[in-house]
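Single-structure report; data block below.
The values are calculated or read from the model by the stated rules, or taken from the named source; none is laboratory data. Source: prediction; values computed, not measured. Virtual Cβ from ideal backbone geometry, glycine too; neighbours counted across all protein chains shown. Side chains are part of the model used for accessible areas, which takes the heavy atoms of the whole protein and leaves out ligands, DNA and RNA. Shrake-Rupley method; radii C 1.70, N 1.55, O 1.52, S 1.80 Å.
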Amino acid sequence: MANNGRRSVKAKKGPTIGTGGHGRKALEGKGPTPKAEDRPYHKAHKAKQLSERSAAKRSTGARSAGAAKSGPKGRATEEVVTGRNSVVEALRAGIPAKALHVAIRIEMDDRVKESLKLAAERGIPLMETGKPELDRMTDDAVHQGLVLQIPPYEYQDAYELAEDTVAKWKKGYIGNAPLFVALDGITDPRNLGAIIRSVSAFSGHGVIVPERRSVGVTASAWKTSAGAAVRVPVARASNLNNALKQFKNMGIFVLGLDGEGDVSLPDLTLATEPVCIVVGSEGKGLSRLVRENCDQIVSIPIDSAMESLNASMAVGISLYEVSRQRATR
């Protein structure tokens, strides 16, 4: 067939004018294949994340085998007592408990048997729990198959406690003048427990602890108090100096304990008045602002200038002297 003299023209292959070589990227490689642990959807990636989280927890400091905390960060956590010796001692001391977790197929000994018996007598629920769950609850602390779950302590407000105590005293509902102990910079829970025990022994009305940089009522404090924390309220103050000023406005005299005080304990004349005794840490003593807010700084005479008394011992001696003077007047 004739094509009328016309010939078909085929287009040239290759990039057209103005493409700028956009197809060049398709020819480039994507680099080396990522490691399995760096691929978000690979199981090795999840294993790496778990390992990093565990390492981060360990780096914050190992908790003691006797007590650990559980719960999301930022919320009121529940403390747990772990280990057979610690659990049976806590139960003997009457520490409040929500539940006693016992490992499945635990190997029985006298400590386990006594723990089960004490928990049953107090009506504490017994929970049979697998080892992985016990490890999670205790943050991998040594638990030996026994974990005692402790509820968070319910602190009173320092101002409300003092106001209520003063009102009861003025109305004659309580015989002795209000007597409190405030802690300034004490972080050892055993000191707190011993102080609570002394306050209970000498008819005190409460212990005041600051909200920050201070010890709280932990399982260790409960144990050291030998159950006295049930009888003596512990109150928190958002700011200890402000709380002491409020106490003074209520007519409560604030007495600071210090080795270089201006009044010797036997010469104290305010013992029969409403009193709040403030004790500092053994190393630092009273802070400057707390010292300024005290009505008197009281010293305890001791034989050697080289010796010092720890906080709980100083409080115990002071409370005894206050109690002795109140009994003789």
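Among the residues of the range 150-177 satisfying the criterion of being out of contact with any helix residue (DSSP H, G or I) (no Cβ under 7 Å at 6 or more places or on another chain) and either basic (Lys, Arg) or modelled with pLDDT under 90 (or both), which is farthest from Gly251 (Cα to Cα)?
Filtering first and then ranking leaves Pro151.
From (1) in contact with a helix residue (DSSP H, G or I) (Cβ under 9 Å, 6 or more places away or on another chain); (2) in contact (Cβ under 8 Å) with a residue 40 or more places away in the chain; (3) assigned to a loop (DSSP other than H, G, I, E, B), pick out the condition that doesn't hold for Ile124.
Against the list (1) in contact with a helix residue (DSSP H, G or I) (Cβ under 9 Å, 6 or more places away or on another chain); (2) in contact (Cβ under 8 Å) with a residue 40 or more places away in the chain; (3) assigned to a loop (DSSP other than H, G, I, E, B), Ile124 comes up short only on (2).
Taking the range 306-329 on its own, how many of its residues are charged (D, E, K, R) and crowded, with 18+ Cβ neighbours inside 10 Å? Full working, then the answer.
Our first condition is that a residue be charged (D, E, K, R); within the range 306-329, this holds for 307, 321, 324, 326, 329.
Then keep just the ones that are crowded, with 18+ Cβ neighbours inside 10 Å; that gives 326.
So the answer is 1.
To keep it simple, each residue is scored yes or no on (1) charged (D, E, K, R); (2) more than 29 Å from Val81 (Cβ to Cβ).
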{"site": "Ala226", "(1), (2)": "no, no"}
{"site": "Ala237", "(1), (2)": "no, no"}
{"site": "Leu255", "(1), (2)": "no, yes"}
{"site": "Asp267", "(1), (2)": "yes, yes"}
{"site": "Glu273", "(1), (2)": "yes, yes"}
{"site": "Cys276", "(1), (2)": "no, yes"}
{"site": "Gly283", "(1), (2)": "no, no"}
{"site": "Ser287", "(1), (2)": "no, yes"}
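Test Gly227 against the criterion of being more than 21 Å from Arg190 (Cα to Cα) and not hydrophobic (A, V, I, L, M, F, W, C), and give yes or no.
Working: more than 21 Å from Arg190 (Cα to Cα): no; not hydrophobic (A, V, I, L, M, F, W, C): yes.
When the stated conditions are applied, Gly227 does not pass them.
If you check Val142, Val147, which single one turns out to be over 30 Å from Ile174 (Cβ atoms), open to solvent by 80 Å² or more (accessible area, probe 1.4 Å) and touching a residue at least 40 places away in the same chain (Cβ under 8 Å)? Can you show your working first?
Details: Val147 fails: open to solvent by 80 Å² or more (accessible area, probe 1.4 Å).
Selected residue: Val142, the only one of Val142, Val147 that is over 30 Å from Ile174 (Cβ atoms), open to solvent by 80 Å² or more (accessible area, probe 1.4 Å) and touching a residue at least 40 places away in the same chain (Cβ under 8 Å).
Pairs only if they're at least six apart or on different chains, beta carbon under 6 angstrom, first in the range 258-278 and more than 18 Å from Asn310 (Cα to Cα), second in a loop (DSSP other than H, G, I, E, B) and open to solvent by 70 Å² or more (accessible area, probe 1.4 Å); list them, first residue then second.
Thr272/Arg329
Go through the range 77-109 residue by residue and tally those that are open to solvent by 70 Å² or more (accessible area, probe 1.4 Å) and part of a loop (DSSP other than H, G, I, E, B).
5
Filter the range 206-227 for residues that are open to solvent by 40 Å² or more (accessible area, probe 1.4 Å) and farther than 20 Å from Pro151 by Cβ; which is modelled with the lowest pLDDT?
Ranking the candidates gives Arg213 first.
For Val112, are the conditions met, namely being open to solvent by less than 20 Å² (accessible area, probe 1.4 Å), among the aliphatic types (A, V, I, L, M) and modelled with pLDDT under 90?
no
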